[in-house]
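So the structure is just underneath, and the comments pick up after that.
Every number in this text was worked out from the coordinates using simple rules, so none of it is lab data. Treat the numbers as computed from the prediction; the structure is a model and nothing was measured. A quick note on method: Cβ atoms are made from the backbone with ideal geometry, for glycine too, and the neighbour counts reach across all protein chains shown.
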Amino acid sequence: MKALLLGITFFSISISAQTGIGVVSPSNMLHVRGNTILNPVRIEGLQSGSANLDNLVSSTTGLIKRQNLNTVSAIRVSGNLNMAANNTYYETNTTSAPTEEFDNLNEFNGDTFTASRPGLYYATFTVIFPQRSAAVDGGDGYQGNIYIDDSTGGGEGISSKIYNPESTLTAADQYMTAKYLIKMIAGQELYFGILAYGSTGNVNGVTYKINIVRMD
């Protein structure tokens, strides 16, 4: 009986101490050192049974589990816009519906992204404004403005001068990107819009791309 108690005590002490596999002085509760040939850790039973790899995540209770990549919030859409009036806010779908390159959870519609679940989201909104000849805008170009608007009152905007091309150069495109990192709740929305200020006549041929991914 004494031997059994001593064995249990020794076992309890050994599993509570830092343990090293392939390392003499472990720096964590469990420290595994691999080699240059093999991956150091293998846990069976977590694979999805498909050809696609999944993410390994930890729950709020510390449970390690598999997260299928089909449940990850990620969208990429692109489109074009013609702005008929100066200093007027245009939604990205005013001219035509955007093209969805992918929308993993079907969260984007028109000019609006609606979060399907709470999390940390990162959105980028890249707009390409066309240069125009000096004769169109009085010689000084126009101001391009892009917006990521948050349904809770926040958001991100950026503005830049769209200069006329040099006299010896042909007109080109100017890129502008707004970036927005936000903690969202389920049902919260982001809107995307564009505005031209100081322009004369239509600003046509504006193109854009929107990327959104949930980070956690």
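Given labels modelled 7 Å from the Cα in the Cβ direction, how far is it in nm from THR152 to ASP140?
Simple spin-label model gives 4.0 nm for this pair.
Would you mind calculating the gained length between THR88 and GLU101 on full extension (0.36 nm times residue separation, minus the Cα-Cα distance), in nm to one decimal?
Fully extending the segment from THR88 to GLU101 adds 1.9 nm.
Between LEU63 and ILE43, what is the label-to-label distance in nm when each label sits 7 Å out along the Cα-to-Cβ direction?
For the pair LEU63/ILE43, the computed spacing is 1.3 nm.
Over the Cα atoms of the range 73-214, what is the Rg over Rh ratio if Rh follows Kirkwood?
When Rh is taken as the Kirkwood radius, the ratio is 1.02.
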